[in-house]
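The values are calculated or read from the model by the stated rules, or taken from the named source; none is laboratory data. All of these numbers come straight from a predicted model, not from anything done at the bench. FYI the Cβ positions are ideal-geometry reconstructions off the backbone, even for glycines, and counts take in every protein chain you see. When the accessible area is computed, the model is the full protein with side chains, heavy atoms only, and any ligands, DNA or RNA have been set aside. Shrake-Rupley method; radii C 1.70, N 1.55, O 1.52, S 1.80 Å.
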Amino acid sequence: MEPLTFFGLLFGASTIAGALGALLGLGGGVIIVPVLTLGAGLNIHYAIGASIVSVIATSSGAAATYIRDQITNLRLGMFLEMATTSGAVVGAVVAGWLPGRVLSVIFGTLLLYAAWTMVRARWEELPTGVVSSRLAVRLRLPGAYYDPMLQRTVSYQITGVPQGFGMMGLAGLISGLLGIGSGVFKVIAMDVMMRAPLKVSTTTSNFMIGVTAAASASIYFLRGDIHPFIAAPVALGILAGTILGTHLLLRLRGTVIRRIFVAVLLVVALQMIWRGVAGTIR
């Protein structure tokens, strides 16, 4: 494949990944890793290196918009980031010891579990009957935001702080291990365990994933897993898609976002597991 064609394909795929990443709080890595490994046939370690760069790009592009619109819960994000950054460093070190096939199966299995967890959750627009735990109140984690789709201010409560914090430690480990920003598990922790509205979960996840990825990026760079010719079009496409995704989130219902979230997880998870078991990923 000619270099310009390769560059263009990566840019186009990354634009779509960036839009979905900003919309769903996934960071784009959950899309771009399968695209680079399954579509372009790249070594998964190079794909993960490029994904780490894309995650930082998504977070930088989306976080500013979501913070400006006051949907992101900064206090919640900064508190949970203590768990994810620690896990990310450990995961990045472990990743260098595992072959591509193993990483692919781990990647797909975790995403399949995430999809099942989201399906079990109620298809609700906003959480109902939630009472903030004593620890959440002490940490001042509950908040409010204006939802343009519902045309009203939404006040919400937070519960399950220990469970959410524990899941964030696992999310950081997965981020460093698989280069996906662990947005999948961040969203699940806040949406399912801590009972935050889905829009708050996805936007706060977008804010957090860049910090988590940055904690492990230096390790991937020193190991030579970040290739400039791959990472450059990915980062540019991700930024372009992020602009589109941030506008879509403000105009869609939470139930629609949840359905898209589950569909994306199922498709990607099954593909990665199949390719890993078949041995077609290096």
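So the values come out like this:
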quantity	calculated
Any hit, segment 52-69, residues being within 19 Å of MET193 (Cβ to Cβ) and either modelled with pLDDT under 80 or surrounded by fewer than 24 Cβ atoms within 10 Å (Cβ to Cβ) (or both)	no
Residue match in segment 268-281 (condition: open to solvent by 50 Å² or more (accessible area, probe 1.4 Å), of a type in the set (Val, Ile, Thr) and within 19 Å of the chain's Cα centre (by Cα))	no
Residue in segment 219-232 that is closer than 16 Å to ALA47 by Cα and under 16 Å from the mean Cα position of the chain (by Cα) present	no
So PHE207, is it surrounded by fewer than 15 Cβ atoms within 10 Å (Cβ to Cβ), among the aromatic types (Phe, Trp, Tyr) and either in contact (Cβ under 8 Å) with a residue 40 or more places away in the chain or in contact with an Asp or Glu (Cβ under 7 Å, 6 or more places away or on another chain) (or both)	no
Set LEU248, LEU265: member being of a type outside the set (Asp, Glu), modelled with pLDDT of 80 or more and either within 17 Å of the chain's Cα centre (by Cα) or assigned to a helix (DSSP H, G or I) (or both)	LEU248
Failed criterion for ILE32 (all others in (1) open to solvent by 10 Å² or more (accessible area, probe 1.4 Å); (2) within 14 Å of the chain's Cα centre (by Cα) hold)	(1)
Close pairs (7 angstrom Cβ cut-off, 6 or more residues apart or separate chains): in contact (Cβ under 8 Å) with a residue 40 or more places away in the chain and within 22 Å of VAL131 (Cβ to Cβ) in segment 143-154, in a loop (DSSP other than H, G, I, E, B) and not polar (S, T, N, Q) anywhere	TYR145/ILE71; VAL154/LEU126; VAL154/PRO197
